[in-house]
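Everything below concerns the one structure shown next.
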Amino acid sequence: MAQGIDMTTEFQTDVSVSKANVDTINIGKRLKVKRLELEFDERHVATELKIPIDQVRALESNNFKYFRSTTFARGFLKSYCRLLGVEPSEILNAFDAELADAEPTIKPVDKVNKQTHLGDPIVMLVSVVIVAVLVFLVFWWPAQSNKDFEAAGTNVEASSENTASAANDEREAPVLSNEANEPEVIAEVVSDKQPQATSEVTEESLEQGDVVTGLSAETMAILEEAGVSPEEVVRATAEVPAELATETKAPSYSNDVVVTFDADCWTEVRDASGKILFSGVKSAGSELTLTGKAPYRVVLGYAKGVSSLKYKGEDFDFSSFTRKDLARFELK
């Protein structure tokens, strides 16, 4: 019985000692010491892990909040340990223990104390906007509508006067065109009124059989005197040129985004709705082709690993969006 108690006490002591060792491990310092022993510089580690050099320094300084998520930080720690030949389990256990002791960033919302009061600046701003809209609708809008109505009435009166004057001019015009002794004037009037002449066929001409081409007898006589065949005129007006169907030119590309890689690179692409079209590591010699809803938001973890990027068939230069091998940009 005493032996069983001693074994239990010894087990609890071992567990507490191992937990104390995990809590007291300085992850960044241990990685840095091992790196210096292997004579690796920061640039060499960044190149091997395919991450920016700032992220290497963040790992060695225990600044894990520098990364977008704990998943990224944990994955980079594991890769770093493998590069240095260090057993990653002890480092990862210390990392998990540090996260467990950290204060949670998500806090409950106090719905009672967060109630909106009348003194809130946002409420006051919204109230002012609503009052301004009401004043606009009550005073300015009716006055502007009356002005537009009066202007429309003036335009209608002016157009009616122009129509009446044009009608008077048309009534006076036939007096000049009926002179039989002035062929030049007759020809001019006929040319001005030709659309009506070609479409009007009187009952008298149909009974006499004078019209065979769809033109009036007077128009046919004038055309014959001018040396123009009435049949040719009818044939020319009857022929309607066929409209050539316009073919829409198909785009020269099959995918909106085409990325070619010559080195391993972590890549993430989102479309306009925020949907992740791709997120992961693309290996050297591979190609990524995507089509979605523009604009696209692109993140390249190792921009030097991208040999070419084409957007809608054209090369896109993202060098101006690259900072320390990390590129963030938008394709519109």
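Data table
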| read-out | value |
| --- | --- |
| Failed condition for residue 299, given (1) assigned to a helix (DSSP H, G or I); (2) touching a Ser or Thr at 6+ places or on another chain (Cβ under 8 Å) | (1) |
| Test: residue in the stretch 273-294 that is buried (at least 17 other Cβ atoms within 10 Å of the Cβ), in contact with a Cys (Cβ under 9 Å, 6 or more places away or on another chain), in a strand (DSSP E or B) and β-branched (Val, Ile, Thr) | no |
| Unique match (being surrounded by fewer than 17 Cβ atoms within 10 Å (Cβ to Cβ) and either touching a helix residue (DSSP H, G or I) at 6+ places or on another chain (Cβ under 8 Å) or assigned by TED's automatic domain parsing to the domain that holds residue 279 (or both)) among 61, 89 | 61 |
| Subset of the stretch 245-263 (residues that are of a type in the set (D, E, K, R) and surrounded by fewer than 16 Cβ atoms within 10 Å (Cβ to Cβ)) | 247, 249, 262 |
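The values are calculated or read from the model by the stated rules, or taken from the named source; none is laboratory data. Keep in mind the model is a prediction, meaning the values are calculated, not measured. Reconstructed Cβ throughout: ideal geometry from the backbone, glycine too, with neighbour counts over all protein chains shown.
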